[in-house]
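Sending over a structure as structure tokens; questions will come in a sec.
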Amino acid sequence: DFISVAGNCLEGNGTFMNIILAGCGKVGNALVHKLLEEGHDLTVIDTDAAKIQHITEEVDVMGVVGNGSSISVLTEAGLESADVFIAVTGSDELNLLCCMFAKKVGSCRAVARVRNPMYSREMEFIKQQLGISTIINPELATAREISRLLRFPAASKIDTFAGGKVQLIKFQLPEGILDRPLKLSEFSAKMSANVLVCAVERDNAVIIPDGEFCLMEKDMVTVLASRENAAVFFKKLGLPTAPVKGVLIVGGGTIGYYLAKELLAHHIRVRIVEKDAARCELLNEMLPEAVILHGDGTDRRLLLSEGLHLAEAFVSLTNMDEENVMLAMFAKKHGITKSATKINRLEFDDIIEELDIGSVVYPKYITCDFIVQHIRALQNESGSNVKTLYRILDDRVEALEFTVHEESKVTEKPLADLHLKPHQLICCIMRGNKVIIPGGQDRIQVGDSVIVVTLEKGLHDIRDILA
């Protein structure tokens, strides 16, 4: 009883923008490709001439060698005609300074990456005083994502909408739950839980299903539900819904600190293994309720002596992707059923996704998604703009939350009467505090938040779903 169709690439209705990006590191590179996919005109700034040469030879962008806080460099980059300025250099202070100068010289919106925990409590003050449009803290966002996963251990990925009231949850259908391939309509009736199956991964293919689609054991399924209904649904599946009680974290860096703080606030026991003695002392002061262990997290004997096999969950947050993957595999070998692994490099994400190591989080993807979401919202501030954006299922599917500000062709009509472009699924309507999993006779109203899952990329407005 939901709206689902499938089909071609779509052109968004947003106005493409002139964007200046300061910082050509890993995040900067990933952002360049994402923003070019969106169709924007891009100029990149970096002090490293080799990085500028590499990116300008690889893709169609303008490059300027220099410091993004220099007025002459900003002028050379075309700041006067820029719509958005984004600073993702390796320095928080430089990012803030670049954005401040960009606001003073130009009339553009400014976006800064700020990672240091000392600034986390003052984000709103900094934004107001410097006139910055938005600030992204990738480490804090990553920690919150891992925390959600540890508090709902059956899920391999959780994305939230409507201020956390609605969740998009990815999990694997367990063996024994289906005695035969089961039509989605039959499965929904059997489970009698108010959830919606939004996407299914099978044999490297992603399907946005209709009621006739048949589910099979070991399918990777993504469902949308309120927090309460999700808990009911997973209990009926026989999957765990209670948060883990204790977590062993290897790596006491910024993400480790943020994560420990989140978990302790939810009364989850935390032990952190960190090899830097000075960092251990600092963590001990900042996290008095956690157990801080000084040692090398890649030392098998240390992990086993500290009760790895007794831990309910394991999180690997070292600065080395290879170490994190090996640690996750080691934890799985010793019976840990819930683990989360941080990966910095994006080049081998398709290979890593094939490994059975539990949940994998990419801080750089989180940063890119947040900034792309913000840009799309700026492109269409008066219509029904993008409030939340996630790229899910190996970046092949977008899940978007639109805020409906005005009447249009999608409002006040039964959903069954809307002629949607292919590969669109209207998953949820939020009306005030009410979560509606829609049927064909439900209608979108002005003031609603509407969640759409699509195989296409580039939706800027809720009207973009119409054929």
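The values are calculated or read from the model by the stated rules, or taken from the named source; none is laboratory data. All of these numbers come straight from a predicted model, not from anything done at the bench. Positions of Cβ are backbone-derived with ideal geometry, glycine not excepted, and every protein chain shown enters the neighbour counts. Only protein heavy atoms, including side chains, enter the accessible area calculation; ligands, DNA and RNA are left aside. Shrake-Rupley method; radii C 1.70, N 1.55, O 1.52, S 1.80 Å.
Are any of the residues in segment 390-402 out of contact with any Phe, Trp or Tyr (no Cβ under 9 Å at 6 or more places or on another chain) and over 19 Å from VAL166 (Cα atoms)?
Yes, that holds for at least one residue.
Could you identify the single residue in ARG151, ARG144 that is open to solvent by 60 Å² or more (accessible area, probe 1.4 Å), in contact (Cβ under 8 Å) with a residue 60 or more places away in the chain and touching a His at 6+ places or on another chain (Cβ under 7 Å)?
Exactly one of ARG151, ARG144 is open to solvent by 60 Å² or more (accessible area, probe 1.4 Å), in contact (Cβ under 8 Å) with a residue 60 or more places away in the chain and touching a His at 6+ places or on another chain (Cβ under 7 Å), namely ARG151.
Would you mention how many residues in segment 405-462 are out of contact with any strand residue (DSSP E or B) (no Cβ under 8 Å at 6 or more places or on another chain), under 22 Å from ARG227 (Cα atoms) and assigned to a loop (DSSP other than H, G, I, E, B)?
Going through segment 405-462 one residue at a time, the tally reaches 3.
Something else now. Only one residue in SER91, SER133 is at pLDDT 90 or above and closer than 21 Å to GLY28 by Cα, so which one is that?
The unique qualifying residue is SER91.
Here's something else I'd like to know. What single numbered condition from (1) modelled with pLDDT of 90 or more; (2) crowded, with 17+ Cβ neighbours inside 10 Å fails to hold for ALA102?
With (1) modelled with pLDDT of 90 or more; (2) crowded, with 17+ Cβ neighbours inside 10 Å applied to ALA102, the lone miss is (1).
Of the residues that sit in segment 325-356 and are among the basic types (Lys, Arg) and surrounded by fewer than 14 Cβ atoms within 10 Å (Cβ to Cβ), which one is farthest from LYS245 (Cα to Cα)?
Here the residue is ARG345.
Do any helices (runs of 4 or more DSSP H) lying entirely in segment 19-88 carry at least 1 residues that are farther than 20 Å from ASN344 by Cα and touching a residue at least 60 places away in the same chain (Cβ under 8 Å), and which ones are they?
By residue number, 26-37.
Residue check, GLU412 against (1) surrounded by fewer than 21 Cβ atoms within 10 Å (Cβ to Cβ); (2) closer than 28 Å to GLU201 by Cβ; (3) at pLDDT 80 or above, all met but one. Which one?
Single failed check for GLU412: (2).
Just checking: which of the strands (runs of 3 or more DSSP E) contained wholly in segment 198-264 hold 1 or more residues that are without any contact (Cβ under 8 Å) to a residue 24 or more places away in the chain?
Qualifying strands (runs of 3 or more DSSP E): 205-207.
Further question on the same structure: Is it true that GLN373 is open to solvent by 20 Å² or more (accessible area, probe 1.4 Å) and in a loop (DSSP other than H, G, I, E, B)?
Considered against the rule, which asks whether it is open to solvent by 20 Å² or more (accessible area, probe 1.4 Å) and in a loop (DSSP other than H, G, I, E, B), GLN373 comes out as no.
If you don't mind, there's one more thing I want to ask. Just the residues that are surrounded by 16 or more Cβ atoms within 10 Å (Cβ to Cβ), assigned to a loop (DSSP other than H, G, I, E, B) and either free of Cβ contacts under 8 Å to residues at least 40 places away in the same chain or out of contact with any strand residue (DSSP E or B) (no Cβ under 7 Å at 6 or more places or on another chain) (or both), please, taken from segment 159-183.
Hits for segment 159-183 are ILE177, LEU178.
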